[in-house]
Amino acid sequence: MLEINNVSKIFPGQRKGLFGHTEGFKALDDVSLRVRKGKSFGLVGESGSGKTTLTRCILRLETLTSGNILYEGADIGKLTSTEMRRLRARLQIVFQDPYASLDPRMTIHDIIAEPLVIHRDIVPMTARQRTERVLELLLQVGLREEHLFRYPHEFSGGQRQRIGIARALAAKPEFLILDEPTSALDVSVQADVLNLLHRLQEELGLTYFFISHDLGVIRYICDEVAVIYRGKLVESGPVEDIFERPANEYTRMLLDAMPDPDPDRSPFRQKVSA
Ligand SMILES: Nc1ncnc2c1ncn2[C@@H]1O[C@H](COP(=O)(O)OP(=O)(O)O)[C@@H](O)[C@H]1O
Ligand SMILES: [Mg+2]
């Protein structure tokens, strides 16, 4: 459903290279991967490896230096702005930082309803229907009706991320990009939000492109995983294979860096025992 073909992205640099011309910085180097419908694809790599740059390329917030990205067979780089707007309704993103990504001056109602207003040509609704949809979403992500007209500062990090997830789901997308959705949260809260994401994927039949620097999180959520290092994919495959038989030195290092969780308290135990 999402196909990334030989994508490279070079950011123009300020530094002068050896021969006096400016050297660019290669944030993505010949990246290819495929996210299959209804599956959860994980992208793992340490900070600075190019993960967010790749999501920005998918959303066309960056231009590609080379390669192409297809969604349901259509080249994202060639869509008209109207087609791109339509695609954005089907393909939503949950950001890493729930503090920075919610407008502090908007009520929870207006934040969650925003995509319904932006995409009102695609999901036409009256104001009353929008409010009903927002209520339904609040309950779906584990919040309550009384939260409707409050402001982001009244919520904890975990609750804010639930609000971000409700907003992403508002216009009934089929595909979610989750860029480190639990990385900014306390460990105790991470497990709850991961459980929620896991449940929503099953209930709604969503496709996930799930980014993390944490292989434990990827293992809990994902079917397939690709490992990225300094802009290059070093290996990819079914999650269990990569965990059991990492072929690459860097992947092994990521695995070694994983804390050995106490199986009784681990947020990941459900998947492990399943
Ligand atoms: N607009 C930009 N201009 C120049 N360099 C950038 C820009 N955006 C990201 N980079 C660089 O690209 C690299 C990858 O960044 P990023 O995609 O944010 O990594 P990750 O999300 O994996 O932590 C970093 O070295 C970052 O400094
Ligand atoms: Mg990032």
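The values are calculated or read from the model by the stated rules, or taken from the named source; none is laboratory data. All values derive from a computational prediction rather than experimental measurement. All Cβ positions, glycine included, derive from the backbone under ideal geometry; neighbour counts span all protein chains shown. Note: areas computed on protein heavy atoms with side chains; ligands, DNA, RNA excluded. Shrake-Rupley method; radii C 1.70, N 1.55, O 1.52, S 1.80 Å.
Values for this structure:
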| item | result |
| --- | --- |
| Residue that is acidic (Asp, Glu) and free of Cβ contacts under 8 Å to residues at least 60 places away in the same chain, where the choices are 29, 75 | 75 |
| Candidates 228, 218, filtered to the one that is within 16 Å of ligand 2 (Cβ to nearest atom), crowded, with 20+ Cβ neighbours inside 10 Å and modelled with pLDDT of 95 or more | 228 |
| Enumeration of residues in segment 196-215 that are open to solvent by 10 Å² or more (accessible area, probe 1.4 Å) and either in contact with a Cys (Cβ under 9 Å, 6 or more places away or on another chain) or of a type in the set (S, T, N, Q) (or both) | 201 |
| Options 110, 179, 103, 186; residue that is within 16 Å of ligand 2 (Cβ to nearest atom) and either without any contact (Cβ under 8 Å) to a residue 60 or more places away in the chain or not small (Gly, Ala, Ser) (or both) | 179 |
| Evaluation of residue 27 against (1) within 16 Å of ligand 2 (Cβ to nearest atom); (2) in contact with a strand residue (DSSP E or B) (Cβ under 9 Å, 6 or more places away or on another chain); (3) open to solvent by 40 Å² or more (accessible area, probe 1.4 Å) (one fails), failing number | (3) |
| Residue tally, condition in a loop (DSSP other than H, G, I, E, B), out of contact with any strand residue (DSSP E or B) (no Cβ under 6 Å at 6 or more places or on another chain) and away from ligand 2 (no atom under 16 Å from the Cβ), over segment 53-80 | 6 |
| Of residues in segment 154-195 being acidic (Asp, Glu) and in a helix (DSSP H, G or I), the one nearest to ligand 1 (Cβ to nearest atom) | 192 |
| Pairs where the first residue, in segment 43-67, is basic (Lys, Arg) and the second is surrounded by fewer than 17 Cβ atoms within 10 Å (Cβ to Cβ), C-beta under 9 Å, 6+ apart | 60/77; 60/79; 60/84 |
